[in-house]
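Participant: Sharing a structure with you now.
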Amino acid sequence: MTPAFVSTLLRVPSLRLVARVALTCAFWWGALTKLTDFPSAIAEAQHFGLEPAALVVVATIIVQLGGSLLLIFDRWAWLAAGALGIFTLFATLIAHDFWNVTDAMQRFRALNTFLEHLGLIGGLFLAAALSERERIQP
């Protein structure tokens with residue numbers, strides 16, 4: 001059974017908002033960083049072989065910032081979480097390919113990062129599920 005004070009905290013709308021901001025911070029921060037240093041964002045895309053790099057970066061910014069805002073303000077959470085989750089899956093497969101890393105320490109770090117990103121995808125799914133549940137059962 002959930003303690004009463006925990007149950008009360010879980011129902012506080014402002015804390016749920018803070019949780020959605022925290023869940024999405026890597027995305028909106030990444031989008032803002034790309035917006036403020038577009039040349040570096042293009043260089044990063046090119047580093048991973050993503051072309052046309054400028055288009056990839058613009059699409060990334062739209063998904064990261066748009067998805068974050070939708071999820072933060074609990075609008076179309078299913079779409080926001082889905083877009084951010086798919087983005088995260090592809091980005092993780094591209095940037096954290098631990099199976100191709102030969103150095104043991106680097107492989108360990110890449111695997112941990114890969115697994116953390118899978119956890120983030122799970123958190124996005126849970127945020128969408130909770131949003132849907134609250135929409136149906138206010």
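Participant: Mind checking which residues of region 1-58 are of a type in the set (A, V, I, L, M), under 26 Å from E132 (Cβ atoms) and under 16 Å from the mean Cα position of the chain (by Cα)?
Facilitator: If the condition is that a residue be of a type in the set (A, V, I, L, M), under 26 Å from E132 (Cβ atoms) and under 16 Å from the mean Cα position of the chain (by Cα), then L17, V18, A19, V21, A22, L23, A26, A31 are the ones that fit.
Participant: Test S68 against the stated conditions and say whether it is under 15 Å from the mean Cα position of the chain (by Cα) and open to solvent by less than 70 Å² (accessible area, probe 1.4 Å).
Facilitator: Details: under 15 Å from the mean Cα position of the chain (by Cα): yes; open to solvent by less than 70 Å² (accessible area, probe 1.4 Å): yes.
So S68 fits the description; yes.
Participant: Look at region 95-108 and say how many of its residues are assigned to a helix (DSSP H, G or I), out of contact with any Lys or Arg (no Cβ under 6 Å at 6 or more places or on another chain) and over 17 Å from A26 (Cα atoms). Walk me through how you get there before you give the answer.
Facilitator: Filtering region 95-108 down to residues assigned to a helix (DSSP H, G or I) leaves 95, 98-100, 104-108.
Now restrict to residues that are out of contact with any Lys or Arg (no Cβ under 6 Å at 6 or more places or on another chain): 95, 99-100, 104-108.
Those left that are additionally over 17 Å from A26 (Cα atoms): 99-100, 104-108.
Of the residues in region 95-108, 7 are assigned to a helix (DSSP H, G or I), out of contact with any Lys or Arg (no Cβ under 6 Å at 6 or more places or on another chain) and over 17 Å from A26 (Cα atoms).
Participant: With the requirement that a residue be surrounded by 12 or more Cβ atoms within 10 Å (Cβ to Cβ) and of a type in the set (V, I, T), what does region 19-58 give you?
Facilitator: Matches in region 19-58: V21, T24, T33, I42, V56, V57, V58.
Conditions tested, residue by residue: (1) assigned to a loop (DSSP other than H, G, I, E, B); (2) of a type outside the set (S, T, N, Q); (3) without any contact (Cβ under 8 Å) to a residue 60 or more places away in the chain.
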{"site": "A31", "(1), (2), (3)": "no, yes, yes"}
{"site": "K34", "(1), (2), (3)": "no, yes, yes"}
{"site": "S40", "(1), (2), (3)": "no, no, yes"}
{"site": "A45", "(1), (2), (3)": "no, yes, yes"}
{"site": "R75", "(1), (2), (3)": "yes, yes, yes"}
{"site": "A80", "(1), (2), (3)": "no, yes, yes"}
{"site": "L93", "(1), (2), (3)": "no, yes, yes"}
{"site": "A110", "(1), (2), (3)": "no, yes, yes"}
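Participant: Before we move on, is F87 of a type outside the set (A, V, I, L, M), at pLDDT 95 or above and more than 16 Å from C25 (Cα to Cα)? Steps first, please.
Facilitator: Numbers: of a type outside the set (A, V, I, L, M): yes; at pLDDT 95 or above: yes; more than 16 Å from C25 (Cα to Cα): no.
So F87 fails the test.
Participant: Another question, if that's okay. Return yes or no: is W76 aromatic (F, W, Y), out of contact with any Lys or Arg (no Cβ under 7 Å at 6 or more places or on another chain) and surrounded by 17 or more Cβ atoms within 10 Å (Cβ to Cβ)?
Facilitator: Details: aromatic (F, W, Y): yes; out of contact with any Lys or Arg (no Cβ under 7 Å at 6 or more places or on another chain): yes; surrounded by 17 or more Cβ atoms within 10 Å (Cβ to Cβ): no.
Considered against the rule, which asks whether it is aromatic (F, W, Y), out of contact with any Lys or Arg (no Cβ under 7 Å at 6 or more places or on another chain) and surrounded by 17 or more Cβ atoms within 10 Å (Cβ to Cβ), W76 comes out as no.
The values are calculated or read from the model by the stated rules, or taken from the named source; none is laboratory data. Small disclaimer: the values here were computed from a predicted structure and weren't measured. Reconstructed Cβ throughout: ideal geometry from the backbone, glycine too, with neighbour counts over all protein chains shown. Note: accessible area is taken over every heavy atom of the protein model, side chains too, but ligands, DNA and RNA are not part of it. Shrake-Rupley method; radii C 1.70, N 1.55, O 1.52, S 1.80 Å.
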